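A short worksheet on the structure shown next.
The values are calculated or read from the model by the stated rules, or taken from the named source; none is laboratory data. This structure is a prediction, so every number in the text was calculated from the model and none was measured. Here the Cβ positions follow ideal geometry from the backbone for every residue, glycine too, while neighbour counts run over all protein chains shown.
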Amino acid sequence: MASVPPLPGEYPYTRGIQSSGYRGKLWTMRQYAGYGSATETNQRFKYLLANGQTGLSVAFDLPTQIGMDSDHPLALGEIGKVGVAIDSLKDMETLFRDIPLERVSVSMTINATASILLAMVAAIARERGIAGTELHGTVQNDILKEYIARGTYIYPPRFSMRLITDLMQYCSVELPSWNTISISGYHIREAGSTAAQELAFTLGDGLEYVRWGIARGMDVDEFAPRLSFFFNAHNDFLEEIAKFRAARRLWATICRDRFGMTSPRAMQLRCSAAGSVRQTCAAWRKASRPAWACSALDAASSRAPSRALSGRERVIPAASAGCRRRSPRTCRAPRR
């Protein structure tokens, strides 16, 4: 007699990490945003929160991502182009002015300079009298995929990995509700990999972060639950569902057998719709609907606990704030 496959919420979490699926836990609504200046972005954040958004997702410009001030000669032409420019603690204070950090979770897509920018957030919270235990959010902080796919690294790999592990260790004590790494297959897929290659490289990166954490003397069941995954939801419906299911099963099995991991939180997986499946020449509706719907549906069908849905400006920058308001919202799961 064939064995009964495990139910959702049961090891190895092939069918999802939550037994009740989306009925039991609604995702946070947050739109990925970062305008040229901290003042403009702060205004945008306030608009989004006033209109129902329940978390913030910060996009930084390229100079900020690689540790350059806006007055650096090499930053010319890139300042504020793909996100907000943050050069100092004052800029970060402006970015989050009048925003209750103890009540709003913050996701920051930042890697090489993640420790610096997170330190700024912690400093602002301390100045306001907010305890570190009250802060909730995520830094991407996935430097290995920068060497593989994106290129916004600063230091050699070994020194970068030391910084990553430092941040993991700091947060485990000072910011226990902060997610320290969002291990990203998204960018690897966008750089041209197949689904199988995306899965292999991403899980390989995740396992390396776990090894460094254990080597630092950290308890795997304490730091691993704060590792999350950011896979790509492409437009091959059945292949993507199989990929997500395989990712959960592989991660759970390898981590339990190799590292003795037991925490279900460590198996959390989130995904983003692929920007590469858009067509910049298409009209607004044609650019957004088919790939957007397919990407969202395959993520939902695979029981991914959150989905980040890319709009038209993921392919080509929207010309105005009005265009951005009409684009799909980013849906990400709460990290509490």
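Just so you know, in the range 203-233 the residues that are over 19 Å from PRO264 (Cβ atoms) and under 17 Å from the mean Cα position of the chain (by Cα) include one that is modelled with the highest pLDDT, and it is ASP205.
Taken together, the residues in the range 125-145 that are within 18 Å of PRO176 (Cβ to Cβ) and in contact with a helix residue (DSSP H, G or I) (Cβ under 6 Å, 6 or more places away or on another chain) amount to 4. Residues in the range 124-167 that are among the acidic types (Asp, Glu) and in a helix (DSSP H, G or I): GLU127, GLU134, GLU146, ASP166.
Taking the range 192-214 as the range and being outside any helix (DSSP H, G or I) and buried (at least 16 other Cβ atoms within 10 Å of the Cβ) as the test, only SER193 passes.
Being assigned to a helix (DSSP H, G or I), under 19 Å from the mean Cα position of the chain (by Cα) and not aromatic (Phe, Trp, Tyr) is the filter here; which residues of the range 234-244 pass it?
Selection gives GLU240, LYS243.
Scanning the range 9-22 for residues that are more than 21 Å from the chain's Cα centre (by Cα), modelled with pLDDT under 80 and closer than 17 Å to ALA242 by Cβ gives THR14, ARG15.
Whether any residue in the range 155-168 is basic (Lys, Arg) and either surrounded by fewer than 18 Cβ atoms within 10 Å (Cβ to Cβ) or free of Cβ contacts under 8 Å to residues at least 60 places away in the same chain (or both) is what I want to check.
We begin by selecting, within the range 155-168, every residue basic (Lys, Arg); these are 158, 162.
Within this subset, residues satisfying the condition of being either surrounded by fewer than 18 Cβ atoms within 10 Å (Cβ to Cβ) or free of Cβ contacts under 8 Å to residues at least 60 places away in the same chain (or both) are 158, 162.
Within the range 155-168, one or more residues are basic (Lys, Arg) and either surrounded by fewer than 18 Cβ atoms within 10 Å (Cβ to Cβ) or free of Cβ contacts under 8 Å to residues at least 60 places away in the same chain (or both).
Which of the residues that make up the range 172-186 are part of a helix (DSSP H, G or I) and surrounded by 24 or more Cβ atoms within 10 Å (Cβ to Cβ)?
Matches in the range 172-186: TYR186 only.
Give me the pairs: first residue in the range 71-93 and under 26 Å from GLU127 (Cα atoms), second residue crowded, with 18+ Cβ neighbours inside 10 Å and of a type in the set (D, E, K, R), beta-carbon distance under 6 Å, and six or more apart or on different chains, which are they? Between residues of the range 71-93 that are under 26 Å from GLU127 (Cα atoms) and residues that are crowded, with 18+ Cβ neighbours inside 10 Å and of a type in the set (D, E, K, R), the close pairs are GLY83/ASP61; ALA85/ASP61.
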